[in-house]
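Accompanying notes for the structure given below.
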Amino acid sequence: MLEKCDKVCVIGAGTMGSGIAAHLANLGLEVTLLDLTADSARQSFDQAKQARPPHFYLATTADSIRLGSVRDNLEWAKEADWVCEAIIEKMDAKRSLFEQLDDILPPETMLTTNTSGLQIELLSAGRSAAFRSKFMGTHFFNPPRYLKLVELIPTPETDPEAVEAMSRFLEDRIARRVVVAKDTPGFIANRFGMWSMFFAIHVAEKLGLTIEETDAITGRFIGRPKSGSFRLNDMVGLDIMRDIADNLQARCPDDPYTKWLNNPSSLEHLLSKGWIGGKAGQGYYRREGREFLALDFQTTAYRMSLDVDFPSLKKLGRLPLAERLLQALELRDPVGEFLREYLVPTLKYADYLKEEVCHTVVDFDQVMKFGFGWEAGPFEMIDMIGPEKLGQQKKRYYVDGTALAFNGAYENIPKRPEHAVLTDFPVVKRFDGFDVRDLGDGVHAMGLTAKMGVLSPSTIGDMIAYLESGDAQRVVLASHERIFSAGFDLGFLLQCIEEDKLDAVEAGLQALQQLGRLLGQIPSAAAVFGFCLGGGCEMAISCSRVVATAESKLGFPESRVGLLPSGGGLALLRLRHQSSAKRLAEIAKLLALGTLSTSADNARKLGFMREDDVTVYLDDRLLHEAKIAALEAEPRKEQEWSAVLGPLSGMIESAQAQLLKSGELSAHDRLISDKIKAVLAKSTSFDDALEKERTGFISLLAEGLSQTRIRHMIETGKPLRN
């Protein structure tokens, strides 16, 4: 059951259906997308192709999706291994479609309904026994490319084996984190998550906070995405929020908390104007050019966004979440007042709901973490601040790998080794800027610990010494930071400039190049996520294999700080693409512009990753997949250096001229591009390319314009195109 699922039919080409179809096509499945008519399918899908942020990793993937209509092509559903219905959220419309599908689908075809809250059992009422045994709900989150949660909702008649097969399939093939929820109104996510969204608006209005102040408090400060409350509202859509709230109020008449699902005054105003969020161009925020305007609660007019000046946010912001929450709840300022009015009742509501909507508190917490991007779920947060502070039972919800069950006993939390992270493994050694951990089976992880995964000369030296010691037989290059690596240490470069010690830079570059060669000489894999930049990217592509999460941004932005890649990256790119002068000219252009990939798949298309490098579409599996790659890898064997056929220098110069004419390159960028050209077009061997990298880097470092770019990046975190 679903072991060889290659064909999927999505029915419904609206926002969710098109997003699901795009995600499945991204994963390489053969996808059919049907809507009511062929025209509506085409129109809806054309809108989906223009979505921002984009649904597709590569725009060309959209061409692989077959479009059709329910009216003329429903028979195509018979070809699918899985049919995912995602039409309008109306019970009668879904039931009518299921009546048609019941007559044509083979017994082995899996069938799910994508719904945010309709009762699954009622949707399958009246259908055949075979239909009901394989039918269940799948609540994907929008947009599916970016949000990894799926709530899976079986009915009492769904075959448990079908539930297990679908769970396994969604995790292993569809790159989702699956939580099995009860068939209750809104399931877990919308019943609690939507309530918390409404409640935050009510509290902000009551306390007279601005939307910017509320977002500053309810964003990363309390362990949630930086969008906070009101940006999230605009992203979801205020009309969608209202529809879900109406459904919950109608179906949960005995829930005393649903009174907070009434419209706050600001929401009422925006709905009356049709200002329903991002898709309408305005909601709580409105964008005008590069500026964001914000709704003023008092005047109901838009005004320029205001800076938030709560000293406690900055003072406590660097603390671990548990300490931050404990101290913030005691504050006698607007931050503390808001959290006492909002966070405490929100956690109490989770406790009130838990047995009705979920099977375990672990499931509840995972829904909020995987679906809403919370750092900690509500029950983890209750443990952080102490249940007694909420007037709750005295027991903690989590103790030593167990969770408190609804019967009052502690039960083991199932271990998922494929979701392990670096800190789950024992430390072998600690160094300046990285540690070494034993992943088992003879594989060690070198995990970067310096801020932003920056590679300083001392870190590079210690990594070289460790690799040369012979202790590591197989290696995963990883990172403990929020991103994989921001690259070589700019602070070190600036210090060398100010102290006139360019010879130290030369030594540092030689060491970085040596580290890259050592990584290539043993079976190795780079576990890449987030940003993988400059020297960090050079070390990653030096490994036997790059294993990167789908959303990884790889590239060489050295030109933005007036420099060029000089850790062996240019030499490797020249070697790997020497059969195509056209490709090398394209790479020279990308490097001159400092272009980053938009995804791992895009990095492969740009030529930064190889065809046999690995994209991990469920980021929780990154370290697991990287370890597998390290176990299967062999030391890197590059092809022999050969001359490039074709007028590479001329092709690069032609591209330079066009970019200068369009204003995309400055005169100084042209100088940088010339140094890149020298490596790609003039090098006679790999060693010669490495030397040209260093020579070009040092000469650029002596340039005043490059020094200005470096200082500007260090001081502002933004590039300067001077």
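The values are calculated or read from the model by the stated rules, or taken from the named source; none is laboratory data. Since we're looking at a predicted model, the values are computed, not measured. Here Cβ is always computed from backbone atoms with ideal geometry, including for glycine, and neighbour counts include all displayed protein chains. Just the protein is used for accessible areas: all its heavy atoms, side chains included, with ligands, DNA and RNA removed. Shrake-Rupley method; radii C 1.70, N 1.55, O 1.52, S 1.80 Å.
Rounded to the nearest 20, the Cβ-based charge dipole of segment 460-619 about its Cα centre (Lys and Arg +1, Asp and Glu -1) stands at 800 debye.
Using C-alpha pairs under 8 Å with a sequence gap of at least 6, the mean separation divided by the residue count of segment 68-158 gives a relative contact order of 24 percent. Projecting the Cα positions of Leu238, Leu209, Tyr302 onto the charge dipole of segment 192-311 (unit charges on Cβ atoms of Lys, Arg, Asp and Glu, taken about the Cα centre) puts Leu238 furthest along the positive direction. In summary, the lysines within cross-link reach of Lys369, defined as a Cα separation below 21 angstrom excluding same-chain residues under 8 places away, comprise Lys148, Lys182, Lys226, Lys348, Lys354, Lys415. Computed about its Cα centre, the charge dipole of the chain is approximately 1260 debye, with only Lys, Arg, Asp and Glu carrying charge at their Cβ. In this structure, the amide hydrogen of Phe292, modeled 1.01 Å from its nitrogen in the peptide plane, lies closer than 5 angstrom to those of Ser305, counting only residues at least 5 positions away or on a different chain. Taken as Cα centroids, segment 374-437 and segment 675-711 sit 48 Å apart, rounded to the nearest whole angstrom. Comparing Phe364, Pro334, Gly386 along the charge dipole axis of segment 308-388, the residue lying farthest to the positive side is Pro334, per the Cβ-charge model. Its residue count N fixes a reference of 2.2 N^0.38 Å for segment 229-367, and the Cα radius of gyration divided by that reference is 1.23.
Once a ≥ b ≥ c are taken as the square roots of the eigenvalues of the Cα gyration tensor of segment 9-106, is the result rounded (a/c under 1.5), prolate (a/b larger than b/c) or oblate (a/b not larger than b/c)? It comes out prolate by the Cα gyration axes.
Residue-normalised convex hull volume from the C-alpha trace of the chain: 178 Å³ per residue.
Each other residue within a Cβ distance under 11 Å of Ile497 adds +1 if Lys or Arg and -1 if Asp or Glu, for a net charge of -2.
Rounded, prolate or oblate: which fits segment 223-283, taking a ≥ b ≥ c as square roots of the Cα gyration tensor eigenvalues, rounded meaning a/c under 1.5, else prolate when a/b beats b/c? Since a/c reaches 1.5 but b/c is at least a/b, the shape of segment 223-283 is classed as oblate. Counted by Cβ distance under 11 Å from Leu596, the other residues give a net charge of +2, where Lys and Arg count +1 and Asp and Glu count -1. Taking every pair of Cα atoms in segment 513-667, average 1/r, invert it to obtain the Kirkwood radius, and report Rg/Rh to two decimals. Ratio value, two decimals: 0.98. Note: relative contact order over segment 502-659, using C-alpha pairs below 8 Å and six or more positions apart, is 30 percent. Note on segment 604-722: Cα-only Rg and Dmax are 18.8, 49 Å.
Between segment 517-566 and segment 199-277, how many Å separate their Cα centres? Here the answer is 41 Å between Cα centres. Entry note, the chain: relative contact order of 8 percent, from Cα contacts under 8 Å with a spacing of 6+ residues. When only the Cβ of Lys, Arg, Asp and Glu is charged (+1, +1, -1, -1), the dipole of segment 562-668 relative to its Cα centre reaches about 340 debye.
Taking Asp363, Asp435 and ordering them by how much accessible surface each has at a 1.4 Å probe, largest first, produces Asp363, Asp435.
The local environment of Trp275, defined by Cβ-Cβ distances under 11 Å, has a net charge of +1 under the rule Lys, Arg +1 and Asp, Glu -1. Ordering Asn114, Ala48, Gln100 by the projection of their Cα atoms onto the charge dipole of segment 48-114, which places +1 on the Cβ of Lys and Arg and -1 on the Cβ of Asp and Glu, puts Ala48 at the extreme positive end. Summary of packing: across the peptides 284-291, 443-450, the per-residue average of other C-beta atoms within 10 Å ranks them, highest first, as 443-450, 284-291.
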